[in-house]
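Engineer: Dumping the structure here so I can ask a few things about it.
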Ligand code: CA
């Protein structure tokens, strides 16, 4: 379900219609009051939020959505008019996930919605990765090599899981650092090397599955 908060009826109906034509379920809401009421009824997968609204404006509503622990993980696309309003939004670290400027083409609009939903898709927690003797049960946070259980730290586990998620793909140290440690991490790419080394040791005979790609980063399952 996608919520579309827009006070201009024609635009609201057009957006809802466009989303529904693309296979989404959508609900048009005319202002912040309607949004808040709708949020008590169901949790949307995405909110499209117009900035200029009667009553509380889109920026205030965004702040409330992001401050509420029930809704803070719902992605929000801000819909802005061109000009000063748009600049204002861009200048703020508002917590919005994307911005789109009116008037926009419907094709582009749908593409942006799909891209955001793809990006925000929760990680698959029910999966088991298997490669040779190695088995990683994501949900149980359990790693086995043959019959032996391997105890990994949280970071080591996430590192292994991310490599397996991207099996066959070379991941740069920067990308690993960003994904496992986060943007804010104040460390060096050497951190990645250190963790890969201990991960390899712990995995014993399966350690060699993690391949060093010189000058780039690491890969698992490059030729398997
Ligand atoms: Ca408006």
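The values are calculated or read from the model by the stated rules, or taken from the named source; none is laboratory data. Remember, predicted model here, so these are calculated numbers, not experimental data. Backbone-built Cβ (ideal geometry, glycine too); neighbour counts: all protein chains shown.
Engineer: Give 53, 19, 46, 62 a once-over and let me know the one that is touching a helix residue (DSSP H, G or I) at 6+ places or on another chain (Cβ under 8 Å) and within 16 Å of the ligand (Cβ to nearest atom). Please lay out each step first, then the result.
Structural biologist: On the way: 19 fails: within 16 Å of the ligand (Cβ to nearest atom); 46 fails: within 16 Å of the ligand (Cβ to nearest atom); 62 fails: touching a helix residue (DSSP H, G or I) at 6+ places or on another chain (Cβ under 8 Å).
Unique residue meeting the criteria: 53.
Engineer: What is the number of the single condition among (1) surrounded by fewer than 16 Cβ atoms within 10 Å (Cβ to Cβ); (2) in a helix (DSSP H, G or I); (3) modelled with pLDDT under 95 that residue 201 does not meet?
Structural biologist: Among (1) surrounded by fewer than 16 Cβ atoms within 10 Å (Cβ to Cβ); (2) in a helix (DSSP H, G or I); (3) modelled with pLDDT under 95, residue 201 violates only (3).
Engineer: Any residue in segment 121-141 that is more than 23 Å from residue 167 (Cα to Cα), away from the ligand (no atom under 16 Å from the Cβ) and at pLDDT 90 or above?
Structural biologist: Checked segment 121-141: no residue is more than 23 Å from residue 167 (Cα to Cα), away from the ligand (no atom under 16 Å from the Cβ) and at pLDDT 90 or above.
Each row is one residue, and each column tells you yes or no for (1) more than 25 Å from the chain's Cα centre (by Cα); (2) under 16 Å from residue 212 (Cβ atoms).
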{"residue": "145", "(1), (2)": "yes, no"}
{"residue": "170", "(1), (2)": "no, yes"}
{"residue": "175", "(1), (2)": "no, yes"}
{"residue": "178", "(1), (2)": "no, no"}
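Engineer: Mind checking whether some residue in segment 82-90 is out of contact with any strand residue (DSSP E or B) (no Cβ under 7 Å at 6 or more places or on another chain), more than 15 Å from the ligand (Cβ to nearest atom), at pLDDT 95 or above and in a helix (DSSP H, G or I)?
Structural biologist: no
Engineer: What about residue 39, is it within 16 Å of the ligand (Cβ to nearest atom) and within 21 Å of residue 73 (Cβ to Cβ)?
Structural biologist: no
Engineer: Taking segment 1-11 as the region of interest, how many residues are farther than 17 Å from residue 39 by Cβ and either in contact with a strand residue (DSSP E or B) (Cβ under 8 Å, 6 or more places away or on another chain) or near the ligand (Cβ under 10 Å from one of its atoms) (or both)?
Structural biologist: Number of matching residues: 3.
Engineer: Are any residues in segment 154-164 in contact (Cβ under 8 Å) with a residue 24 or more places away in the chain and out of contact with any strand residue (DSSP E or B) (no Cβ under 8 Å at 6 or more places or on another chain), and if so, which ones?
Structural biologist: 155, 156, 159
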